[in-house]
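Notes to accompany the following structure.
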Amino acid sequence: MTPLGANHDISSFDCGAPELTRWLGQAHTAQERDTARVFVVADEHHRVLAYSALVVGSTSPRSLPSRARGGLSADIPMVLLGRLAVDQAHQRSGLGDLMLIDAVRRAIEVRERAGTRLLAAHPRDELARRWYEHKGLASTTDGRLCYLRLRDAAPPREPDTR
Ligand SMILES: CC(C)(COP(=O)(O)OP(=O)(O)OC[C@H]1O[C@@H](n2cnc3c(N)ncnc32)[C@H](O)[C@@H]1OP(=O)(O)O)[C@@H](O)C(=O)NCCC(=O)NCCS
């Protein structure tokens, strides 16, 4: 897993979801503008096989259960897995799983440096939502967000009272 760099070849990438395939073409610009950090798995020819994009954000507590809200009524800080996609030819071989684990690890690092409660993703459709749930994320009551409480994923460092 490496940050997307100028040497990576994105020309043949196709994940089957046109908006996610297209977005990879804008990923360098997003990085330059600090609106996302993009990470890729590439083959020996530097062809991108999978990518993820992380941003910092927040979400309304309204659709979150109390365990995820932690008693807060203000917006909940989170690391958003804004995009996650695997090239069609390489799907179902564990790359999505690898990208998700990497995103959790990076979100835990963010939590060490700046308060953030969740890693979350907006599933693009029902299949994606089921995939995130299969990987252990919970869905909000409105189904618009899948999330993981970082405190449950990180090594304990304080009493878990909320
Ligand atoms: C969703 C996506 C990222 C998954 O990546 P992947 O590399 O194909 O998935 P993995 O190989 O890591 O995971 C496969 C596992 O998920 C399961 N799985 C696959 N699709 C599933 C689904 N829709 N619902 C539940 N489980 C599913 C498989 O049975 C397998 O289970 P296992 O880990 O217990 O063996 C990929 O299919 C993709 O890029 N899709 C198009 C874009 C997209 O929908 N992105 C989601 C973010 S919006």
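The values are calculated or read from the model by the stated rules, or taken from the named source; none is laboratory data. Only a predicted model underlies this, so the values are computations on that prediction, with no experimental measurement involved. Because the Cβ atoms are built from the backbone with ideal geometry, glycine has one as well, and the counts that use them run over all protein chains shown.
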note = Subset of region 121-153, residues modelled with pLDDT of 95 or more, exposed (fewer than 15 other Cβ atoms within 10 Å of the Cβ) and among the small types (G, A, S), comes to G136
ask   = Yes or no: A68 modelled with pLDDT of 95 or more, surrounded by 15 or more Cβ atoms within 10 Å (Cβ to Cβ) and of a type in the set (G, A, S)?
value = no
Scope region 128-152; condition touching a residue at least 24 places away in the same chain (Cβ under 8 Å), within 13 Å of the ligand (Cβ to nearest atom), within 13 Å of the chain's Cα centre (by Cα) and within 14 Å of T59 (Cβ to Cβ); matching residues = L145, C146
ask   = Here are some conditions: (1) in contact with a Phe, Trp or Tyr (Cβ under 7 Å, 6 or more places away or on another chain); (2) under 21 Å from L137 (Cα atoms). S93 meets all but one. Which one does it not meet?
value = (1)
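Taking region 5-37 as the search range and keeping residues that are in a loop (DSSP other than H, G, I, E, B) and within 16 Å of the ligand (Cβ to nearest atom), which one is farthest from G57 (Cα to Cα)?
Initially, region 5-37 is screened for residues in a loop (DSSP other than H, G, I, E, B), giving 5-8, 10-17, 33-36.
Pick out the ones that are also within 16 Å of the ligand (Cβ to nearest atom) and you get 10, 12-17, 36.
Details: I10: 27, S12: 31, F13: 27, D14: 27, C15: 25, G16: 27, A17: 24, A36: 11 Å.
This residue is S12.
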message = With the requirement that a residue be touching a residue at least 40 places away in the same chain (Cβ under 8 Å) and of a type in the set (K, R), what does region 68-91 give you?
response = R83
task = Give the number of residues within region 92-127 that are within 13 Å of the ligand (Cβ to nearest atom), in contact (Cβ under 8 Å) with a residue 12 or more places away in the chain and farther than 9 Å from V79 by Cβ.
result = 11
